[in-house]
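Notes for the one structure printed next.
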Amino acid sequence: MIIKQLKIIYILIGTATLMTSCGLSKELLKVVDSGLKELVELPIDYCNLFPTPTFEQWDKDYELFDGYLTRDILKTQIGLSYTLNGVHIWWCAPSARTHVQLDTSTMITDNTALLGNWRIACNRIITYEDSVVYADKNFYRSSKLVNDIKDDDVFLLMTADKFKLYAKQKGKSNFKKIAIKNYHLESKRYLMLYGLSKAGAAISFIGLDKEGRLIINSYYVQERKVNGVYIVYQATMSQMIFKKMMP
């Protein structure tokens, strides 16, 4: 199950290939072995913000989210569009312009709070969909848990400038390296993961909840519409929530 999840994560955080040649160092393995993985059950819309679900207010609320975007973030938002059987389709991944976003109450005011060792507490994929039928102005909202991974383990080490992600599949003895990237925080809520240049950064939402857990939400967004008939906004979120490991 974790392989399917990680393939999505590769796309969303910009990691082109699975790097399995290196895993956790002996020092980090000791850290992992010193504690237990503690899973949490959270609502499907945990720490999320949505536009008001009315035909008149939806766009106004959505546009408010754009106030947090910066020039550097917008440079990374390259979407693609095409038409299929009369339906105009636009998509973007990873997207920073989503109709469902991480609650602004989780914004990170002190970057040093990110530093340290983190272990997965919730790892899942959720799809959120808002749609409108123009003829009667009916509004529809739905959400669906696509994948909930409980058996596998994910470990994150964040230093002052590096994001290091490792995962261990159920039944395996070793953690495998998923990504080692430079990172930058933008507007206290966007995580930019990149190699040589931020211009090619992959964007996720990042925040700390009131329990001190680290939330990283990455999105694949698709818009489908037939002019004058209907429009559908769909965001598929890959969510990882971590608990900090004590030294």
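Where a number appears in this text, it was derived from the coordinates with a stated rule and is not lab data. Only a predicted model underlies this, so the values are computations on that prediction, with no experimental measurement involved. Counting neighbours? That spans all protein chains shown, and the Cβs are built from the backbone with ideal geometry, glycine included.
Want the number for VAL146 to LYS26: 0.36 nm per residue separation, take away the alpha-carbon distance, what's left?
Details: separation 120, 0.36 × 120 = 43.20 nm, distance 3.47 nm.
In short, 39.7 nm is gained.
Work out the FRET efficiency for MET107 and ASN227 from their Cβ-Cβ distance, taking R0 = 30 Å, and round it to the nearest 0.05.
Details: r = 37 Å, r/R0 = 1.23.
So, using R0 = 30 Å, E works out to roughly 0.25.
5 Å is the cut-off here: which amide hydrogens, built 1.01 Å from N in the peptide plane, fall below it relative to PHE175, excluding neighbours closer than 5 in sequence?
When sequence neighbours closer than 5 places are left aside, the close amide H contacts are LEU24.
Work out from phi, with θ = phi - 60° and the Karplus expression 6.51 cos²θ - 1.76 cosθ + 1.60, the ³J(HN,Hα) of each residue of the stretch 80-89, listed in order in whole Hz, and give x for Gly and Pro.
Rounded to whole hertz, the list is 10, 9, 7, 10, 9, 6, x, 9, 7, 10.
At 222 nm, what value in deg cm²/dmol follows for the chain if DSSP H runs of at least 4 each add -39500 (n - 2.57) and the sum is divided by all its residues, to the nearest 500? Please report the intermediate quantities before stating the final value.
Numbers: 4 runs with 33 residues, N = 247.
My calculation for the chain gives -3500 deg cm²/dmol from helical runs alone.
Across all directions of projection, what mean area in square nanometres is found for the Cα convex hull of the chain?
Working: hull surface 56.0 nm².
So the mean shadow area of the Cα hull is 14.0 nm².
For the chain, which DSSP H helices look membrane-span-like by this rule: Cα extent along the axis of 15 Å or more and mean Kyte-Doolittle of at least -1.0? Walk me through the numbers before you get to the answer.
Values: long enough: 2-13 (16 Å, 1.83).
Qualifying helices: 2-13.
Around ILE231, what is the net charge, scoring Lys/Arg as +1 and Asp/Glu as -1 over all other residues with Cβ under 10 Å from its Cβ? It would help to have the intermediate numbers written out before the result.
Values: positive: ARG224, LYS225; negative: ASP130, GLU223.
Once positives and negatives cancel, what remains is 0.
If amide H atoms are built 1.01 Å from N in the plane of the peptide, which residues on other chains or at least 5 residues away come under 5 Å of the amide H of LEU69?
It is none; the list stays empty.
Mind ordering 44-53, 177-186 by average Cβ neighbours within 10 Å, highest first? Numbers along the way, then the final one.
Working: 44-53: 16.4, 177-186: 18.0.
Going from most to least packed, we get 177-186, 44-53.
Among the listed pairs LYS162/LYS225; LYS37/LYS144; LYS60/LYS244, give every one whose C-alpha distance is greater than 28 Å.
Pairs exceeding 28 Å: LYS162/LYS225; LYS60/LYS244.
With springs only between Cα atoms under 10 Å, which of LEU208, LEU69, LEU29 fluctuates most in a Gaussian network model of the chain?
Checking each option, the largest mean-square fluctuation is seen for LEU29.
Among residues other than ARG97 whose Cβ falls under 12 Å from its Cβ, what is the net charge (Lys/Arg +1, Asp/Glu -1)? The partial results should precede the final answer.
Working: positive: none; negative: GLU63, ASP66, GLU223.
Once all neighbours under 12 Å are counted, the net charge is -3.
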